[in-house]
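One structure below.
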Amino acid sequence: MNRVKNICSFMSNNIAVLIIVFSVIAFFYPKGFSWATNYTELFLGAAMFGMGLTIKAKDFRIVFTRPK
């Protein structure tokens, strides 16, 4: 369980770097990532779910008090 926490912590701390690295690799080697187009909805859903997990009740209060 500790190993999973370490992996998750590393990924969340370095997500921007990981995205850039994989984007550059995919740019120069598109055939290696062509399979991923079939799972775009799944990847987008996982990203949205992960972002949703970071939302706190305080964030909703701010949105509802200042909707613009």
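What is the calculated FRET efficiency for Val17 to Leu53, with r their C-beta to C-beta distance and R₀ = 22 Å, to the nearest 0.05? Write out the running numbers ahead of the final one.
Values: r = 21 Å, r/R0 = 0.94.
Approximately 0.60, to the nearest 0.05.
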Rounded to the nearest 0.05, what FRET efficiency do Met1 and Ala46 have when you use their Cβ-Cβ distance and R0 = 22 Å?
0.60
Provide the per-residue ³J(HN,Hα) series for region 35-41, in order, calculated from phi with Karplus coefficients 6.51, -1.76, 1.60 and θ = phi - 60°, each as a whole number of Hz, with x at glycine and proline positions.
5, 5, 5, 6, 10, 4, 4
Using only helices, what value at 222 nm comes out for the chain when you add -39,500 (n - 2.57) per DSSP H run of length 4 or more and divide by the total residues, to the nearest 500 deg cm²/dmol?
-22500 deg cm²/dmol
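Would you mind getting the Kirkwood hydrodynamic radius of the chain from its Cα pairs, rounded to one decimal in Å? Write down the numbers at each step before the final one.
Working: mean 1/r = 0.0672 Å⁻¹.
In the chain this quantity evaluates to 14.9 Å.
Coordinate-derived values only; no laboratory data. Worth saying up front: this structure is predicted, and the values here are computed from it rather than measured. A quick note on method: Cβ atoms are made from the backbone with ideal geometry, for glycine too, and the neighbour counts reach across all protein chains shown.
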